[in-house]
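Novice: Pasting a structure here, questions to come.
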Amino acid sequence: MIRVVLPAHLRTLARVDGEVKLEVPGVVTQRAVLDALEAVYPMLRGTIRDQVTRERRAFLRFFACEQDLSHEPPDAPLPEAVAMGTEPLLVVGAMAGGG
């Protein structure tokens with residue numbers, strides 16, 4: 001099982017508490033995880049990646065094993081700890097601010 005942690009607004013939209021657990025067949029990549037996530041939670045389609053281009057939304061980032069994976073190719077294998085389910089894939093909303 002792959003573990004995914006969503007930001008609060010997407011957890012609310014998907015009506016889930018805590019992390020989401022998904023079955024991802026084959027090689028565990030960003031694309032495979034997001035395809036599985038959108039299949040189980042269709043209300044998330046278009047929120048994490050553009051529905052047409054399938055590109056990650058600019059205001060979201062992907063992290064795992066203390067690494068920013070946001071700019072990795074979508075078909076690159078995720079870290080083994082994510083594929084094994086020992087570490088979650090974090091979907092993090094960008095922070096903005098100023099003073």
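The values are calculated or read from the model by the stated rules, or taken from the named source; none is laboratory data. Fair warning: this is a prediction, and the values are worked out from it, not measured in the lab. When we count neighbours, we look across all protein chains shown, and the Cβ atoms used for this are built from the backbone with ideal geometry, even at glycine. Note: accessible area is taken over every heavy atom of the protein model, side chains too, but ligands, DNA and RNA are not part of it. Shrake-Rupley method; radii C 1.70, N 1.55, O 1.52, S 1.80 Å.
Novice: Are there any trypsin sites (Lys or Arg not before Pro) in the stretch 44-87 that are in a DSSP loop and have at most 14 other Cβ atoms within 10 Å? List them by number.
Specialist: Of the trypsin sites (Lys or Arg not before Pro), the ones in loops of the stretch 44-87 whose Cβ has at most 14 other Cβ atoms within 10 Å are 45, 54, 57.
Novice: HN-Hα J couplings of the stretch 57-72 from phi, Karplus 6.51/-1.76/1.60, θ = phi - 60°, integer Hz, Gly and Pro as x?
Specialist: 5, 4, 8, 10, 10, 10, 10, 7, 6, 6, 10, 7, 9, 4, 9, 6
Novice: While we're here: Calculate the FRET efficiency for residue 17 and residue 76 from the Cβ-Cβ distance with a Förster distance of 30 Å, rounded to the nearest 0.05.
Specialist: Efficiency, rounded to the nearest 0.05: 0.50.
Novice: How fast does the stretch 32-88 diffuse by Stokes-Einstein, in µm²/s, taking the Kirkwood radius from C-alpha pairs at 4 °C and 1.567 mPa s? Display every interim value, and only then the final one.
Specialist: Details: Rh = 12.2 Å.
It diffuses with D of about 106 µm²/s by this estimate.
Novice: Mean residue ellipticity at 222 nm from the helices of the chain, using -39,500 (n - 2.57) per DSSP H segment of n ≥ 4 over the full residue count, to the nearest 500 deg cm²/dmol?
Specialist: Result for the chain: -5500 deg cm²/dmol, rounded to the nearest 500.
Novice: Take the eigenvalues of the Cα gyration tensor for the chain, scale each by 5, and report the square roots as semi-axes in whole Å, largest first.
Specialist: Working: eigenvalues 73, 50, 41 Å².
Result for the chain: semi-axes of 19, 16, 14 Å.
Novice: Then there is this: Using amide H atoms built in the peptide plane, which far-off residues or other-chain residues are under 5 Å from residue 69 H to H?
Specialist: Residues meeting the criterion, in which the H sits 1.01 Å from N, are 62, 63, 64.
Novice: Would you mind telling me which residue in 26, 46, 85 has the biggest mean-square fluctuation in a Gaussian network model of the chain, where springs connect alpha carbons within a distance under 10 angstrom?
Specialist: 26
Novice: Take the eigenvalues of the Cα gyration tensor for the stretch 16-65, scale each by 5, and report the square roots as semi-axes in whole Å, largest first.
Specialist: 16, 13, 13
Novice: Continuing with the same structure: Restrict the search to the stretch 30-68; then list the chymotrypsin sites (Phe, Trp or Tyr not before Pro) that DSSP places in a loop and that have at most 16 other Cβ atoms within 10 Å of their Cβ.
Specialist: 59
Novice: Could you report the stretch 1-87's accessible area per residue, 1.4 Å probe, as an integer in Å²?
Specialist: 58 Å²
Novice: Treating only the Cβ atoms of Lys and Arg (+1) and Asp and Glu (-1) as charged, compute the dipole magnitude of the stretch 11-99 about its Cα centre; round to the nearest 20 debye.
Specialist: I would put it at about 400 debye.
Novice: Using the basic label-point model (7 angstrom from Cα toward the beta carbon), what is the residue 63 to residue 8 distance in nanometres?
Specialist: Each label point is offset 7 Å from its Cα along the Cβ direction, giving 1.6 nm.
Novice: At a 1.4 Å probe radius, carbon and sulfur cover how many percent of the accessible area of the chain?
Specialist: On the way: 3220 of 5890 Å².
Carbon and sulfur atoms account for 55 percent of the accessible area of the chain.
Novice: Which longest run of the chain has no exposed loop site in it, a site being GluC sites (Glu not before Pro) in a DSSP loop with at most 12 other beta carbons within 10 Å, and the site itself not part of the run? Let's see the in-between values first.
Specialist: Numbers: sites that count: 23, 55, 66.
The longest such stretch corresponds to 67-99.
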